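Novice: Following this message is one structure expressed as structure tokens.
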Amino acid sequence: MHIKNLQLTFVALYILITLLKPNIIIAIDGYSSCGKSTLAKALARRLHLIYVDSGAMYRAITLYFLQNKIPVPLPEQLDTIKFDYDSALRWIKINFKINYLTGSSEIYINGKNVERQIRSIEVSQNVSHVSAIKAVRERLVAIQQEFGKKGRIVMDGRDIGTTVFPHADIKIFMTANVEVRAKRRFDELTAKGIKTTFEEILKNISDRDYEDSHRKESPLRQAPDAFVLDNTFLDEQEQIEYVLKVIKEKSLINS
Ligand code: DC
């Protein structure tokens, strides 16, 4: 009992040190539908950090491209397509606002809340193509790095620990069995009333995993200093405990 209390005091102390650290940045990368955002939101609540969903930004640009008939290149067209993406991107303003009813931050594009629309299957099927465009990545990475200047941030995505914040304090790389991920995503979408099939979700996740990790511009990679979190058999609480343990160990290593 005494030892357990002592352990809890140590963990609380490390969390306190983390809270006092003004510029802490936590980068969470990994495959599609691994629960990155669920973990990032929980950490943001626990450690009083700002959560930024970088995938939502790529999804918002994709929605804008689809709505405005901006060409979405297939991987094999990427090097030959003649379109001035830089000019198109100049018309897009992306920002996040807190929804005070749900407590979560929601994404806006040119002043319009698109949080729900960006989760559609059509956006999911095109987002990997759009996020392979160099001009799109440069623009979004610059905005993400700007968010990071304020510190106290947890951001999830595919290139956060490698490109956006290569000096992040904590880097987590998430993975899980692909069927388990597809089942979780299918249940989530069905619960929201979105009509789809398990097979469609499985294909979309597998295709995005492949495309995201094989593109030329900052592909999905595990940073050499990232901690791997395979959550195939872990619940949310176990994942949070794992990251808090990593924070504690990092503090020990750094001290
Ligand atoms: O996290 P998500 O599944 O909502 O992300 C949607 C897509 O956006 C993902 O398939 C690849 C792209 N993405 C990216 O290229 N880089 C990021 N930092 C975040 C997402």
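The values are calculated or read from the model by the stated rules, or taken from the named source; none is laboratory data. The structure displayed is predicted, hence computed values, not measured ones. Please note: Cβ atoms are built from the backbone with ideal geometry, for glycine as well, and neighbour counts cover all protein chains shown.
Novice: Search region 157-209 for residues being surrounded by 18 or more Cβ atoms within 10 Å (Cβ to Cβ) and of a type in the set (Val, Ile, Thr), and hand back the single one that is farthest from PRO224 (Cα to Cα).
Specialist: This residue is ILE201.
Novice: Is region 172-195 home to any residue that is within 14 Å of the ligand (Cβ to nearest atom), at pLDDT below 95 and among the aliphatic types (A, V, I, L, M)?
Specialist: Looking through region 172-195, at least one residue is within 14 Å of the ligand (Cβ to nearest atom), at pLDDT below 95 and among the aliphatic types (A, V, I, L, M).
Novice: Limited to region 28-47, what total is found for residues that are more than 17 Å from LEU244 (Cα to Cα) and assigned to a strand (DSSP E or B)?
Specialist: Let us first name the residues in region 28-47 that are more than 17 Å from LEU244 (Cα to Cα), namely 30-34.
Adding the requirement that they be assigned to a strand (DSSP E or B) leaves 30.
Matching residues across region 28-47 total 1.
Novice: Considering every residue within region 208-218, establish whether at least one is of a type in the set (S, T, N, Q), within 14 Å of the ligand (Cβ to nearest atom), outside any loop (DSSP other than H, G, I, E, B) and modelled with pLDDT of 95 or more.
Specialist: yes
Novice: Here is a follow-up. Mind checking which residues of region 213-239 are within 19 Å of ARG181 (Cα to Cα) and acidic (Asp, Glu)?
Specialist: ASP230, ASP235, GLU236, GLU238, listed by residue number.
Novice: Now for a separate question. Quick one: which residue in LEU89, LEU49 is surrounded by 20 or more Cβ atoms within 10 Å (Cβ to Cβ) and in contact (Cβ under 8 Å) with a residue 12 or more places away in the chain? Lay out the reasoning, then the answer.
Specialist: Values: LEU89 fails: surrounded by 20 or more Cβ atoms within 10 Å (Cβ to Cβ).
On inspection, the qualifying residue turns out to be LEU49.
Novice: Pick from ILE194, ILE170: which is out of contact with any helix residue (DSSP H, G or I) (no Cβ under 7 Å at 6 or more places or on another chain) and aliphatic (A, V, I, L, M)?
Specialist: Criteria check complete, one pass: ILE194.
One line per residue, one yes/no per condition, for (1) among the small types (Gly, Ala, Ser); (2) more than 14 Å from ILE50 (Cβ to Cβ); (3) assigned to a helix (DSSP H, G or I):
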residue	(1), (2), (3)
GLN144	no, no, yes
VAL154	no, no, no
GLY161	yes, yes, yes
PRO166	no, yes, no
LYS171	no, yes, no
PHE186	no, yes, yes
ILE194	no, yes, no
